[in-house]
1. Which of (1) farther than 16 Å from E173 by Cα; (2) modelled with pLDDT under 95; (3) outside any loop (DSSP other than H, G, I, E, B) is the odd one out, the single condition E57 does not satisfy?
2. Counting only residues that are farther than 22 Å from I127 by Cβ and either touching a Cys at 6+ places or on another chain (Cβ under 8 Å) or not in a helix (DSSP H, G or I) (or both), how many does segment 60-80 have?
3. Only one of these is among the hydroxyl-bearing types (S, T, Y), free of Cβ contacts under 8 Å to residues at least 60 places away in the same chain and within 18 Å of D47 (Cβ to Cβ): T161, T120, T139. Name it.
4. Starting from residues that are in contact (Cβ under 8 Å) with a residue 40 or more places away in the chain and surrounded by 15 or more Cβ atoms within 10 Å (Cβ to Cβ), keep the ones in segment 59-72 and report whichever is farthest from the chain's Cα centre (by Cα).
5. State all residues of segment 90-117 that are modelled with pLDDT under 95 and buried (at least 17 other Cβ atoms within 10 Å of the Cβ); if no residue qualifies, say none.
6. Quick check: is even one residue across segment 79-89 modelled with pLDDT under 95, farther than 13 Å from S169 by Cβ and surrounded by 10 or more Cβ atoms within 10 Å (Cβ to Cβ)?
7. Can you name the residue in segment 129-181 that is small (G, A, S) and assigned to a loop (DSSP other than H, G, I, E, B) and is also nearest to K107 (Cα to Cα) among such residues?
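The values are calculated or read from the model by the stated rules, or taken from the named source; none is laboratory data. Worth saying up front: this structure is predicted, and the values here are computed from it rather than measured. Glycine gets a Cβ as well: all are built from the backbone with ideal geometry, and neighbour counts include every protein chain shown.
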Amino acid sequence: MSMKNLIKIFVTILFAVAVSSMASCQNKTEATSMKDSTGNPYYSRTDTSVLNVTNAEWKKVLPEDVYAVAREKDTERPFTGKYWDFTGLGTYYCAVCGNKLFRSDAKFASSCGWPSFFETVRKNAVIYLPDDSYGMNRTEVQCGRCGSHLGHLFDDGPPPTGKRFCMNSIVLEFVPDDTTHQKTE
C-alpha cells in the first residue's frame, strides 16, 4: 500500500471520528436542553404556581431513584450524591418540578455528606414540616411548588442564618451561571 493511500485512509478515519464526536455532543446538548420539555409535563424553571399532582402521576414521569427520595421520603447515602462536595457557581432547582431553590453562594461545606445551604433563594421556595420519624425530632424541607421531599433543616449552620438545609442531591438540578454575558471590571 502506498503512502498516499495510507494518508487517505487515515484522513477518512479521522473525519469519521470527528463527525461521530460532534453528533454525540449535539445529542447530549439536546437531551440536556430538552429535559424540562420531555417526560415531565410539570417541570418549569419559571412557573412558581403550586402543583397538585398525585403520586401515581409522579411515578409515571420521574425516574425511580428520584421518585423514591422526592415522593417516598427516601434518603440517598451520605457522600454519594453528585453535589455533596460540588463547588460550581450557579443555581439549584428542584429536579422534580424546576422550582428555584438555592444559589451556590449559600452553599457551604458541612462535611455531613449531603449538599448544605444556609438559605433559600426566596421565602416560599420551600415549606417546612415537623418530622418525628426514626425517633428523631427534625424539620422536613419540601419543595414549595410540588411538595417533594428535599431533605431536612437543622440549626447548626453558619452565619448569617445559623441554618443548615441538608438536601439530597438526587432531587436537585444544578444550572451553572452563564459567564459569557457577565461584565468584567
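1. Failing condition for E57: (2).
2. Quick first cut of segment 60-80, residues farther than 22 Å from I127 by Cβ only: 60, 63-65, 77-80.
This time we only want the ones that are either touching a Cys at 6+ places or on another chain (Cβ under 8 Å) or not in a helix (DSSP H, G or I) (or both), so: 63, 77-80.
Within segment 60-80, residues that are farther than 22 Å from I127 by Cβ and either touching a Cys at 6+ places or on another chain (Cβ under 8 Å) or not in a helix (DSSP H, G or I) (or both) number 5.
3. Numbers: T161 fails: within 18 Å of D47 (Cβ to Cβ); T139 fails: within 18 Å of D47 (Cβ to Cβ).
Exactly one residue qualifies, and that residue is T120.
4. R71
5. Within segment 90-117, just S110 meets the criteria.
6. No, because not a single residue in segment 79-89 is modelled with pLDDT under 95, farther than 13 Å from S169 by Cβ and surrounded by 10 or more Cβ atoms within 10 Å (Cβ to Cβ).
7. Taking segment 129-181 as the starting set, the residues that turn out to be small (G, A, S) are 133, 135, 144, 147-148, 151, 157, 162, 169.
Then drop every residue that is not assigned to a loop (DSSP other than H, G, I, E, B), which leaves 144, 147-148, 157, 162.
Values: G144: 19, G147: 22, S148: 20, G157: 10, G162: 13 Å.
Across segment 129-181, the extreme among qualifying residues is G157.
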